[in-house]
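Beneath this line is the structure, given in structure tokens, with notes to follow.
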There are 2 protein chains.
Amino acid sequence: MAEERVQRRLAAILVADVVAYSRLMEKDEAGTLERLKALRADLIDPRIAADGGRIVKTMGDGLLVEFPSAVDAVRNALDIQAVMARRNADLAEDRRMEFRVGINLGDVIIEGDDIHGDGVNVAARLEGLCEPGGVYVSGSVFDQVAGKLDAWFDDLGEQTVKNLARPVRVFRAQIKSEATADPNPVAEAALLLVGDADQLPSVGPG
Amino acid sequence: MAEERVQRRLAAILVADVVAYSRLMEKDEAGTLERLKALRADLIDPRIAADGGRIVKTMGDGLLVEFPSAVDAVRNALDIQAVMARRNADLAEDRRMEFRVGINLGDVIIEGDDIHGDGVNVAARLEGLCEPGGVYVSGSVFDQVAGKLDAWFDDLGEQTVKNLARPVRVFRAQIKSEATADPNPVAEAALLLVGDADQLPSVGPG
């Protein structure tokens, strides 16, 4: 087999960034940086670590994260987005911060602490397609997580990805309770399952 | 997310066994065991280790192996099958031993040194479908290795797998030089790329 040997491993690759980050920075540079830093420190980084993820690198508001398990990666993203939605609901509009998340599965090339390859490019592309507050995953991820999480996956069809010949099948992932028409008691219950629910703003009627 | 937490990781899962092992054992129990043991010791186990694989367990003539990379798993299987084909060509028919190999990609459940889950079942099923001396891989593996190895993949279509609702797409993997109509010089060259080519039986015309 003639391929030059490189070190590879299968990984779930998560790419996230902040919606309209440039606009937020333009309006309030110090405040935006401060809020992002606080979110990372008290929510995002600890949860990624708890789910076995590793932050490969940050690029301004962007995050590249590698998980050993696709199931854990999707669970992690859905949990964080659910907490973000709750927090944003209690904030004035100009204080809100929303994330886009894309997750792909790839046999990535390892170089020291960095990862490369198509698998990373596709994750970034999924993130670019994702709506604010959402989680988009590739067909490869869907194949590994379907039936293993309490989540719905809406098939958004095949999307062409720059520099890749084959199109990528895209799914929108949602926590089941969010995706049901039934509003709310179940969604509240889902939030109680997250790790630091006691640090969340009150979710009761008062 | 309500799934009970288990430890998971993405892995390429390889299942192999010996074709007509019961018949071989019936004819020559001690000799068959001896030949399998020798093949494991001087070919199979060292190559699996060299490609980053881990032998999870053996079941008589069966092997369950986990690789961190799907690319490395397929390369490993094709290399071993190529060496086996050369060795068998130089042996009397009743001394030959052939393997079937199935490779799948799965977000497997880890329990100590063992692995479980659909991903393992599908690998075993692919192995059962495989022809002697061949390597069958799932669509999930194909998606990760296509274009990353000097190999051809024949699409064998979707196969129903016992206890799984969704059918599995099956591909036959072959080293490119084997798959071409052009007989031999290239196949010989490919063999020279394997690790211990100097220990192989002579491949020259004499």
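The values are calculated or read from the model by the stated rules, or taken from the named source; none is laboratory data. Quantities reported herein were computed from a predicted structural model and do not represent experimental measurements. Glycine also receives a Cβ, built like all others from the backbone with ideal geometry; neighbour counts cover every protein chain displayed. Accessible surface areas use protein heavy atoms only, side chains included; no ligands, DNA or RNA. Shrake-Rupley method; radii C 1.70, N 1.55, O 1.52, S 1.80 Å.
For the reader, a short list of remarks on this structure follows.
- Taking every residue in A:147-153 and counting other chain Cβ atoms within 10 Å of its Cβ, the average works out to 3.
- About its Cα centre, the range A:68-152 has a charge dipole of approximately 340 debye under the convention of +1 per Lys or Arg Cβ and -1 per Asp or Glu Cβ, with nothing else charged.
- Greater than 23 Å apart at Cα, pairs in B:Lys37/B:Lys57; A:Lys148/B:Lys148; A:Lys148/A:Lys176; B:Lys57/B:Lys176; B:Lys148/B:Lys176: A:Lys148/B:Lys148; B:Lys57/B:Lys176
- Here A:Asp155 sits with roughly 80 square angstrom of accessible surface, probe radius 1.4 Å.
- Average silhouette area of the range A:1-131, convex hull of alpha-carbon atoms, in square nanometres: 8.7
- Within 10 Å of the Cβ of each residue in A:107-116, the mean number of Cβ atoms contributed by other protein chains is 2.
- Nearest residue to the symmetry axis between B and A, taken on chain B by its Cβ, in whole Å: B:Leu10, 2
- Residue mean of other protein chain beta carbons inside 10 Å, A:71-79: 3
- Taking the label point 7 Å along Cα→Cβ, A:Ala38 and its counterparts in the other copies are spaced 7.3 nm apart, in ascending order.
- With the label put 7 angstrom out from Cα along the Cα-to-Cβ vector, A:His116 ends up 4.0 nm from the copy partners, going from closest to farthest.
- The mean accessible area for residues of the range B:97-156, using a 1.4 Å probe and ignoring ligands and nucleic acids, is 35 Å² per residue.
- Accessible heavy-atom area order of B:Ser22, B:Ser177, highest first, probe of 1.4 Å: B:Ser22, B:Ser177
- Between the C-alpha center of the range A:1-47 and that of the range B:34-76 there is a gap of 38 Å.
- If you sort A:Glu158, A:Glu26, B:Glu66 by accessible surface, 1.4 Å probe, largest first, the order is A:Glu26, A:Glu158, B:Glu66.
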